[in-house]
Amino acid sequence: DPFIRARKYLDSASSGKNRGLYSYQGNKNPTPTMTAEGMFCQQIMGMKPTNPRMGDAVSLIELNLPQKRSPKYYYWYYGCLAMFQHQGPVWKLWNTQMKNTLLDLQSDQGEHVGSWDPKGKWAEGQGGRIMSTAMATLSLEVYYRYLPMYSRPKVKAPETPETKKPRN
């Protein structure tokens, strides 16, 4: 079963008090990027936000909010996915900081207007402007592409002639 193997890998790459911090290989040197990715993978496999592992991950990610001086588009994308699914006050904090940072970094003049400069670990040299712009855009629209896994949207059904009729 692929999910059993995925859980086994995540367990082998986890550390921290509750094993909610993640590394690329082994359980040494957890990073915010790998922790956001590991958190999102655990969410997809059904781990609840109340699981202590999630608390470890949220704490590390909250300490590493997006900062204009250090663009990390790849991390920010996975941070957006994981924090959006987690919801709560920490998502609001993350989202506010992420939106402000990304909008400040967006080119607003010249031939690259509307895009994001290729700065940061993966964008410089390897991913380029296309990668930084794609990751920034995907981060900004996470709530347009996904519904929160752990809560249902509070949407009232529209009234119809049938629902307006008095019930006996």
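The values are calculated or read from the model by the stated rules, or taken from the named source; none is laboratory data. Here the structure is a predicted model, which means the values were calculated and not measured. No Cβ is skipped: glycine too gets one built from the backbone with ideal geometry, and neighbour counts run over all protein chains shown. The area values use the complete protein model at the heavy-atom level, side chains included, leaving out ligands, DNA and RNA. Shrake-Rupley method; radii C 1.70, N 1.55, O 1.52, S 1.80 Å.
Mind ranking 95-101, 80-86 by how tightly packed they are, going by the mean number of other C-beta atoms within 10 angstrom, highest first? Display every interim value, and only then the final one.
On the way: 95-101: 16.6, 80-86: 23.6.
Ranked from most to least packed, the peptides come out as 80-86, 95-101.
Taking a quarter of the surface of the convex hull around the Cα atoms of the stretch 1-78, what do you get in nm²?
Values: hull surface 20.5 nm².
Averaging across all directions leaves 5.1 nm² for the Cα convex hull.
Expressed as cubic angstrom per residue, what is the convex hull volume of the alpha carbon set of the stretch 62-145?
Numbers: hull volume 7.3 nm³, N = 84.
Hull volume normalised by residue count: 87 Å³.
Which is the longest part of the chain that has none of the GluC sites (Glu not before Pro) sitting in a DSSP loop with at most 12 other Cβ atoms within 10 Å? If you can, show how the numbers build up before the last one.
On the way: sites that count: GLU141, GLU159.
It runs 1-140.
What net charge do the residues around MET131 carry, taking every other residue with its C-beta under 13 Å from that of MET131, with Lys and Arg at +1 and Asp and Glu at -1?
On the way: positive: LYS72, LYS119, LYS121, ARG129; negative: ASP117, GLU124.
Net local charge, MET131 excluded: +2.
Heavy-atom accessible area per residue, the chain, 1.4 Å probe: how many Å²?
Per-residue accessible area for the chain comes out at 64 Å².
For the pair ILE44 and ARG145, how long in nm is the line joining their label points, each one 7 Å along Cα→Cβ?
1.2 nm
For the chain, which whole-number percentage of the solvent-accessible area (1.4 Å probe, protein heavy atoms only) is attributable to carbon and sulfur atoms?
On the way: 5870 of 10680 Å².
Here it works out to 55 percent.
Which residue, LEU60, LEU147, LEU105, tops the fluctuation ranking in a GNM of the chain built on C-alpha contacts under 10 Å?
Residue with maximal mean-square fluctuation among LEU60, LEU147, LEU105: LEU147.
Exactly which trypsin sites (Lys or Arg not before Pro) in the stretch 1-51 are in a DSSP loop and have at most 13 other Cβ atoms within 10 Å?
Values: sites: ARG5, ARG7, LYS8, LYS17, ARG19, LYS28; in loops: LYS17, ARG19, LYS28.
Qualifying residues, ordered by number: LYS17, LYS28.
Give me the one-decimal Kirkwood hydrodynamic radius in Å for the chain, with the sum taken over alpha-carbon pairs. Let's see the in-between values first.
Numbers: mean 1/r = 0.0570 Å⁻¹.
It is 17.6 Å.
What helices does the chain have that are whole DSSP H segments, at least 30 Å long along their own axis by Cα, and with mean Kyte-Doolittle hydropathy of 0.5 or more? Could the numbers behind the result be given before it?
Details: long enough: none.
None clear 30 Å together with a mean of 0.5.
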